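For reference, the structure discussed in these notes is given below.
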Amino acid sequence: MKQRIESVDILRGITIAAMILVNTPGTWSTIYAPLLHAKWHGLTPTDLIFPFFLFIVGISISYAYKNKPVNFGTYKKIGIRSLKLIGLGLFLNWFIPQFPFFKDFESLRLPGVLQRIGVVFFVSAIMFLHFNWKTLLGISIVVLLGYWALLGYAPLNGEAPTFNRASNNWANYIDLKIFGKHMYKADYDPEGFMSTIPSVITSVLGILIGQLLASAKPKKEQLLFISALVLLALGYLLNLEFPINKKIWSSSFVLTTAGWATLILGVLYYIIDVKGMRFGAIFKYAGMNAITVYFLSSFISKMFYMVNVNENQTIHDWIYNTFFTSVISIDKLASALYALSVVSFYLLIGFILYKKKIFIKV
């Protein structure tokens, strides 16, 4: 990206910080409601985080591949980057900090956050290379309507389909057929195969917004706000028929979360890139090494939960009990402050990497 848009980097960094915040509470038993995902249908602030990141992936694609030649070399770079992301995700799922250092394959979860980012990046980048914005918009409409039609109206094994968590939910059914035991839960996976298809459209909508930002159109902040309102209106209207649901990445979820992402980006763009106000640089630093910061946080957190400092406590438990619950009597507050301290640590890592001009491209 030759001319970086500050607001995009800052939003990416805020999104990574939020990912770490909701993934590393002091304890999973006491968490403030906004820091939890909706149990099934519905939308919480936490549900916005992953689609925001995929949306920003799309914006980045629209800049990074704008003038790239459509040839084997470009395909190779896209493919290698995608495989790296998928490989890192599988490593996080497979690795354990004791000999032989890897789980049995039978207990390995195959889908995951980084795996989805890798797949979405690959598909949406290839689409961007081959299609103009009108075709991308048309594909998005067809996919979102087709996904709604399949999950809502196509009979499954002689039963009426459902959007609920059940065996006659097409997303759950197909994921189980593909992944079997290698899933997050016995009957569904929030990063499963079926829900990855509409998640590609989340990135494609980011591509379209990225093309708007890169255009010579005047008053782009106004166009961002209009786009946000249109997406939000469509998403909440569709919610009446196809409930907003992160677990199956419903079409209404795609539209609504893209709308919120566009709205927040519009506010940041107006304040930072139009008015020239400078704030939130600490998030920019993390955003410029987003995957590295996220991977480190996930890997170290896993180590902290699985490595003991004594017979009765893991590293995580010792830190949490020694520095948080021992001095903070409100359980949810202690849990949240632990998560905020973890976020602060990784923002510092992002700052150090930035100052040393270390930018790790995955």
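Suppose the filter is part of a helix (DSSP H, G or I) and over 15 Å from the mean Cα position of the chain (by Cα); does P34 pass it? Taking the combined requirement at face value, the residue satisfies it.
Condition check ((1) of a type outside the set (S, T, N, Q); (2) more than 15 Å from T257 (Cα to Cα); (3) more than 18 Å from the chain's Cα centre (by Cα)) across all residues:
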position: D187; (1), (2), (3): yes, yes, yes
position: E191; (1), (2), (3): yes, yes, no
position: P198; (1), (2), (3): yes, no, no
position: V204; (1), (2), (3): yes, no, no
position: I207; (1), (2), (3): yes, no, no
position: L212; (1), (2), (3): yes, yes, yes
position: V230; (1), (2), (3): yes, no, yes
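The set of residues in the range 326-346 being open to solvent by 90 Å² or more (accessible area, probe 1.4 Å) and among the aliphatic types (A, V, I, L, M) consists of V327, I330. Look at the range 302-321: where a residue is under 18 Å from L92 (Cα atoms) and in contact (Cβ under 8 Å) with a residue 12 or more places away in the chain and a partner is part of a loop (DSSP other than H, G, I, E, B) and not β-branched (V, I, T), sitting 6+ places away or on another chain with Cβ atoms under 9 Å, you get K302/P97; M303/P97; M306/P97; M306/Q98; V307/P97; V307/Q98; H316/G26. D317 falls short on exactly one of the conditions (1) in a helix (DSSP H, G or I); (2) of a type in the set (D, E, K, R); (3) open to solvent by 60 Å² or more (accessible area, probe 1.4 Å), and that condition is (3). The set of residues in the range 103-117 that are over 22 Å from M194 (Cβ atoms) and either in contact with an Asp or Glu (Cβ under 9 Å, 6 or more places away or on another chain) or open to solvent by 90 Å² or more (accessible area, probe 1.4 Å) (or both) comprises D104, F105, E106. Return yes or no: is A18 under 17 Å from the mean Cα position of the chain (by Cα) and not in a helix (DSSP H, G or I)? No, not satisfied. Among the criteria (1) among the hydrophobic types (A, V, I, L, M, F, W, C); (2) in contact with a Ser or Thr (Cβ under 8 Å, 6 or more places away or on another chain); (3) in a loop (DSSP other than H, G, I, E, B), the one L110 does not fulfil is (2).
Yes/no matrix, rows are residues, columns are (1) over 15 Å from S250 (Cβ atoms); (2) open to solvent by less than 30 Å² (accessible area, probe 1.4 Å); (3) assigned to a helix (DSSP H, G or I); (4) among the aromatic types (F, W, Y):
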{"position": "L137", "(1), (2), (3), (4)": "yes, no, yes, no"}
{"position": "N168", "(1), (2), (3), (4)": "yes, yes, no, no"}
{"position": "K181", "(1), (2), (3), (4)": "yes, no, no, no"}
{"position": "D187", "(1), (2), (3), (4)": "yes, no, no, no"}
{"position": "L213", "(1), (2), (3), (4)": "yes, yes, yes, no"}
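For first residues located in the range 69-88 and among the basic types (K, R), partners that are not in a helix (DSSP H, G or I) and lie 6+ apart or on another chain with Cβ distances below 6 Å form the pairs K84/V362. The one condition from (1) open to solvent by less than 40 Å² (accessible area, probe 1.4 Å); (2) under 30 Å from G235 (Cα atoms) that V267 does not meet is (1).
Under the condition of being in a loop (DSSP other than H, G, I, E, B) and surrounded by fewer than 10 Cβ atoms within 10 Å (Cβ to Cβ), which residue from the range 63-81 is modelled with the highest pLDDT? Don't jump to the end; show me each part of the working.
Here is the first cut: in the range 63-81, the residues in a loop (DSSP other than H, G, I, E, B) are 65-71.
Filter once more, so that each one left must be surrounded by fewer than 10 Cβ atoms within 10 Å (Cβ to Cβ): 67, 69, 71.
Details: N67: 88, P69: 91, N71: 94.
Restricting to residues being in a loop (DSSP other than H, G, I, E, B) and surrounded by fewer than 10 Cβ atoms within 10 Å (Cβ to Cβ), the top hit is N71.
Looking only at the range 148-159, decide whether some residue is of a type in the set (S, T, N, Q), on the phi > 0 side of the Ramachandran plot and open to solvent by 30 Å² or more (accessible area, probe 1.4 Å). Within the range 148-159, one or more residues are of a type in the set (S, T, N, Q), on the phi > 0 side of the Ramachandran plot and open to solvent by 30 Å² or more (accessible area, probe 1.4 Å).
The values are calculated or read from the model by the stated rules, or taken from the named source; none is laboratory data. As the structure is a computational prediction, the values presented were derived from the model and not from experiment. Note that we place each Cβ from the backbone using ideal geometry, even for glycine, and neighbour counts take in every protein chain shown. Heavy atoms of the whole protein, side chains included, go into the accessibility calculation; ligands, DNA and RNA do not. Shrake-Rupley method; radii C 1.70, N 1.55, O 1.52, S 1.80 Å.
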